[in-house]
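Notes follow the structure.
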Amino acid sequence: MDKAAVKLAPSILAADFARLGEQVAEAEQAGADRIHVDVMDGHFVPNISMGAPIVASLRRVTHLPLETHLMISDPDFFLEEFVEAGSDSFLVHWEGNANLHRTVQRIKALGKRAGVVINPATPTAVLEEMLQDVDQVLVMTVNPGFGHQHFLPTTRPKIRHVRQMLEQIKPGCDVEVDGGIDAETAPLAAAAGANVLVAGTAIFGESVGVAAAMNRLRANSIKQLEKQRAQV
Ligand code: DX5
Ligand code: ZN
């Protein structure tokens, strides 16, 4: 099976910030498909992380697309600042956004890719009217706000359902998962229909190193997909 069947988006939330450029370069050399940047404001989620200056610094050291996961209130207010810094795509939450469709339109008007995110407690049905307009869907597999949490198994049927919905409307659209993705859970998410895996701890927190950790995530997921295909 083609390596591209499973894309990896290393989340720098788990990186060593004192060596951020180095760690991102390692991930790029090891075949990362994009870099996932978690932006938290201490209000939308109970944690504070990083802002546009980090994106601007990364833009100077990597050619990879920088995907910006906005876990903030009023995402519209910050879009232009992140675009200027070098963001290539945005992941915006359904939760708390009364004008999600407008946010997606704004992202597109800025010439960037737009993805919609749903939290574990949010049903997939809320996406139905949005799917036509988005470039990807992100199913949170933990509650947003922190790295190093456990994958929630209740999200597996949700991933499957999002994939099924997209097959009708937009086959080939990216379905991404974020939170608790490691060598054991990555194959479960891939088998359910996710083709983009965000991973922080399981890439930057592994003693085997970034490249070996990434290879293991991808290899385990592809093995699972091949097994699944053989059973059909
Ligand atoms: C959680 C963030 C994740 C986080 C994942 O709110 O959106 O991107 O970095 O971290 P791990 O892979 O450690 O669960
Ligand atoms: Zn994230």
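Looking only at residues that are in contact with a helix residue (DSSP H, G or I) (Cβ under 7 Å, 6 or more places away or on another chain) and more than 12 Å from ligand 2 (Cβ to nearest atom) in region 131-141, which one is nearest to D182 (Cα to Cα)? Among them, the one singled out is V137. Within region 142-163, the set of residues being within 15 Å of ligand 2 (Cβ to nearest atom) and in contact with a helix residue (DSSP H, G or I) (Cβ under 7 Å, 6 or more places away or on another chain) comprises G147, H148, F151.
Restricting region 1-24 to residues that are small (G, A, S) and closer than 13 Å to I203 by Cα leaves a set whose member that is farthest from the chain's Cα centre (by Cα) is A15.
Among the numbered conditions (1) within 16 Å of A15 (Cβ to Cβ); (2) buried (at least 20 other Cβ atoms within 10 Å of the Cβ); (3) more than 16 Å from ligand 2 (Cβ to nearest atom), the only one that E206 does not meet is (2).
Residues of region 1-31 that are part of a loop (DSSP other than H, G, I, E, B) and open to solvent by 10 Å² or more (accessible area, probe 1.4 Å): M1, D2, A15, D16, A30, G31.
Screening region 36-63 for residues that are open to solvent by 60 Å² or more (accessible area, probe 1.4 Å), assigned to a loop (DSSP other than H, G, I, E, B) and away from ligand 2 (no atom under 16 Å from the Cβ) and picking the one that is nearest to R113 (Cα to Cα) gives H63. The selection criterion, being at pLDDT below 95, among the hydrophobic types (A, V, I, L, M, F, W, C) and away from ligand 1 (no atom under 16 Å from the Cβ), does not hold for A212.
On inspection, L66 does not qualify as more than 16 Å from ligand 1 (Cβ to nearest atom) and either touching a Leu at 6+ places or on another chain (Cβ under 7 Å) or open to solvent by less than 10 Å² (accessible area, probe 1.4 Å) (or both).
Taking each residue of region 1-16 that is farther than 17 Å from L138 by Cα and looking for partners that are away from ligand 1 (no atom under 15 Å from the Cβ) and open to solvent by 40 Å² or more (accessible area, probe 1.4 Å) with beta-carbon atoms closer than 8 Å, six or more apart or interchain, yields M1/E226; M1/R229. Take E84 and tell me if it is buried (at least 19 other Cβ atoms within 10 Å of the Cβ), outside any loop (DSSP other than H, G, I, E, B) and acidic (D, E). Against the criterion (buried (at least 19 other Cβ atoms within 10 Å of the Cβ), outside any loop (DSSP other than H, G, I, E, B) and acidic (D, E)), E84 does not qualify. Applying the condition of being over 15 Å from the mean Cα position of the chain (by Cα) and part of a loop (DSSP other than H, G, I, E, B) to region 175-232 and asking which residue is farthest from T68 (Cα to Cα) yields V232.
Pairing residues of region 186-202 that are farther than 11 Å from T141 by Cα and open to solvent by less than 10 Å² (accessible area, probe 1.4 Å) with residues that are among the basic types (K, R) and assigned to a loop (DSSP other than H, G, I, E, B), at Cβ distances under 9 Å and at least 6 apart in sequence or on separate chains, gives V196/R34.
If you take the residues in region 130-151 that are without any contact (Cβ under 8 Å) to a residue 40 or more places away in the chain and of a type outside the set (S, T, N, Q), which one is farthest from ligand 1 (Cβ to nearest atom)? Ranking the candidates gives D133 first.
The values are calculated or read from the model by the stated rules, or taken from the named source; none is laboratory data. Keep in mind it's a predicted model, so treat the numbers as computed, not measured. Every residue, glycine among them, receives a Cβ derived from its backbone with ideal geometry; neighbour counts consider all protein chains shown. With ligands, DNA and RNA removed, areas are computed over all heavy atoms of the protein, side chains included. Shrake-Rupley method; radii C 1.70, N 1.55, O 1.52, S 1.80 Å.
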